[in-house]
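These notes are about the structure you will find just below.
The values are calculated or read from the model by the stated rules, or taken from the named source; none is laboratory data. All figures in this text were calculated on a predicted structure; none of them were measured in a lab. Here the Cβ positions follow ideal geometry from the backbone for every residue, glycine too, while neighbour counts run over all protein chains shown. Accessible surface areas use protein heavy atoms only, side chains included; no ligands, DNA or RNA. Shrake-Rupley method; radii C 1.70, N 1.55, O 1.52, S 1.80 Å.
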Amino acid sequence: MKKILLGFAVIAIIASCKKESADPHVAGADCGSCHTTVKSQWADPLNLHSLSANDVLTNVDHNTAELLTDDCLKCHASFQVPLGVAHFVTPLDQTGSPAGTWSILNTGDWQATKCEVCHDPSATNKDKLAKYGSILDGQFSAGYTNVTALPAAYQTIISLSTGATSTYNYPDQTKLAVQATKLCQSCHDPEDQGGDPEVIVDGISLGPQGGDSRSIVASNHQGFGCVDCHNSHNYIPVNPQQTPACVACHSTPKTGKVHINHWL
C-alpha cells in the first residue's frame with residue numbers, strides 16, 4: 001500500500017512540474033494573475049490607455065469639434081472595431097442630444113487597450129510584442145523591425161537653435177527598440193496630426209502638433225525610441241538625473257524640448 005501511495009505521489013509531482021513548466025502565454029490567459037505589478041500600473045486612472053467608453057466617447061470638446069467614427073476604435077478599443085462606434089455611443093453627430101451631451105451604450109462590450117493589443121501570446125520575439133500592424137498598418141512582416149519602418153517624420157532631425165533639418169537612421173537602436181517604437185507609433189502617429197495648428201518657437205516652425213506624439217525629433221535627442229524615455233506600462237517618463245544614458249547631459253535639472261511637443 002505504501003508503494004502504491006508513493007507511486008501516486010511521484011505521479012502528482014511530475015504532473016505538477018509539467019503544469020508549472022508549460023508556457024502560460026496562451027490566448028485567453030489571465031495576464032494579470034501573474035503580471036500583478038503591470039496590471040496595477042495599467043489600471044491606474046492616470047494611464048490614459050485604460051480609459052472607459054464614457055471618458056473616450058462623451059468628451060464634449062472633442063465631439064463638437066470632430067465627428068466620432070469607427071476609426072476612433074482602432075486605437076481606443078482595438079478589438080471592438082467590428083462592432084463600430086455606433087454600438088457604444090449615441091447620437092453620432094457633433095451636436096449631441098440634448099445639445100452638448102452624448103449617451104454611452106453597451107458598456108459591457110467596451111474593451112480599452114488590453115494586454116493583447118501590445119502582446120501576442122504566440123509571438124516568439126522578446127516580450128511577445130504584438131503584431132499590431134495587422135490592425136492599422138497592413139500585415140506584420142520582418143520589415144516591422146527595420147528602422148526604415150519608422151514613420152518618415154521620426155527620421156527627420158531639427159536643430160532647435162537654427163531650424164536646420166537632417167536625417168538620422170538610428171544606427172544604435174536594437175530591433176526590439178525599433179519594434180516597440182513602431183508599435184507605439186501605430187496610434188501615436190506623428191504623420192497623422194489632422195488639423196492641428198503649426199507651432200513656431202523662436203521663429204522656427206516645428207510643424208503641426210498633436211497632443212500625443214512628435215512630428216519632428218529634436219537634434220539633442222536624436223536616436224531615441226519611445227521606450228528609451230517612457231517606462232513600459234505606466235508611461236511616466238524616466239528621471240534623466242537618475243538614468244545612466246541621460247546623466248552626462250542631465251547631471252543637473254534642465255528644461256528643454258525632448259520631442260517637439262513635450263517639455264522636460
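Structural remarks
- Cross-link pairs beyond the 18 Å C-alpha cut-off, checked among Lys128/Lys175; Lys39/Lys114; Lys74/Lys128; Lys39/Lys175; Lys39/Lys74: Lys74/Lys128; Lys39/Lys175; Lys39/Lys74
- In this structure, the amide hydrogen of Thr156, modeled 1.01 Å from its nitrogen in the peptide plane, lies closer than 5 angstrom to those of Val217, counting only residues at least 5 positions away or on a different chain.
- From phi via Karplus (6.51, -1.76, 1.60), per-residue ³J(HN,Hα) for region 220-228 in Hz, x at Gly/Pro: 6, 10, 5, x, 7, x, 3, 6, 6
- Interchain or long-range residues, amide H under 5 Å from His119's placed H: Ala130
- Karplus-derived 3J(HN,Hα), 6.51/-1.76/1.60, for each residue of region 72-80, Hz, glycine and proline x: 4, 6, 4, 9, 7, 7, 3, 7, 9
- Förster radius 22 Å - calculated FRET efficiency between Ala27 and Val81 (Cβ-Cβ, nearest 0.05): 0.75
- Largest accessible area first, the listed residues Ile236, Ile157 line up as Ile236, Ile157 when surface is computed with a 1.4 Å probe on the assembled protein chains.
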